[in-house]
Amino acid sequence: MALALAGALRYLAERTGALPTMSQAFERVPSARAAGTSRVEVRRVTALSPAERDEAVALLVAAFDGSTLFQLAFPDPVRRRKLVDLLFTAALKDALRWGQVEVAYNGRIAGVFIWYPPGLYPYSALRTLRLLPEYLRMLVAAPLGIAKLFRANMTLNRIRPQVPHCHLGLCRCR
């Protein structure tokens, strides 16, 4: 999986053409309108209300709860959901300030897309310090699981392209 991710990152780094925005990419999906479903509006957001933030994080937690990495790090499902919720809350908080967050709405949040422009991922030391309270809560709750996530992240950082590239943080749609 890590090699596939590295290949995707290299591919994005080597592209010379402009990447479409999320809304441009979404408009190309024929089933969105052909199936007669409700219209979906995609917006770039710079702030979310507490209720919207909770809804977006819940959507991401539901998407990644079955992840092999998270299941290995946090075998207990109840604890895993709580810890992944903390992790994604921190990721969303950082992305709203430093990255790009695009949200699809169809009466409720139908999708979340978090990404970082070139040079803004991995997190700088200062950004990591800003998220330290969330990270410490996770570390106290599951030190071994956090160590596993840290080791996986270090492995990904070693194979991540050194050239400036966009980084897809999280993506989930209903």
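The values are calculated or read from the model by the stated rules, or taken from the named source; none is laboratory data. Everything quoted here is computed from the prediction, not taken from an experiment. Glycine also receives a Cβ, built like all others from the backbone with ideal geometry; neighbour counts cover every protein chain displayed.
Things to note:
- Here is the figure for the stretch 65-85: residues that are modelled with pLDDT of 95 or more and under 26 Å from G107 (Cβ atoms) total 3.
- Restricting the stretch 154-166 to residues that are of a type in the set (S, T, N, Q) and in contact (Cβ under 8 Å) with a residue 12 or more places away in the chain, the residue that is farthest from L120 (Cα to Cα): T155
Condition check ((1) free of Cβ contacts under 8 Å to residues at least 12 places away in the same chain; (2) touching a helix residue (DSSP H, G or I) at 6+ places or on another chain (Cβ under 7 Å); (3) farther than 18 Å from I114 by Cβ; (4) buried (at least 18 other Cβ atoms within 10 Å of the Cβ)) across all residues:
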site	(1), (2), (3), (4)
R39	no, no, yes, no
R43	no, no, no, no
L48	no, yes, no, yes
D54	yes, no, no, no
V57	no, yes, no, yes
G66	yes, no, yes, no
F70	no, yes, no, yes
D76	yes, no, yes, no
V84	no, yes, no, yes
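- Filtered residues of the stretch 46-92 (kept if part of a helix (DSSP H, G or I) and charged (D, E, K, R)): E52, R53, D54, E55, R79, R80, R81, K82, D85
- Exclusive hit being more than 15 Å from the chain's Cα centre (by Cα) and on the phi < 0 side of the Ramachandran plot, set F74, F70: F74
- Scanning the stretch 154-173 for residues that are over 16 Å from W98 (Cα atoms) and surrounded by 13 or more Cβ atoms within 10 Å (Cβ to Cβ) turns up L156, I159, R160, P161, C171, R172, C173.
- No other residue among G111, G145 is of a type outside the set (S, T, Y) and under 15 Å from F88 (Cα atoms) apart from G111.
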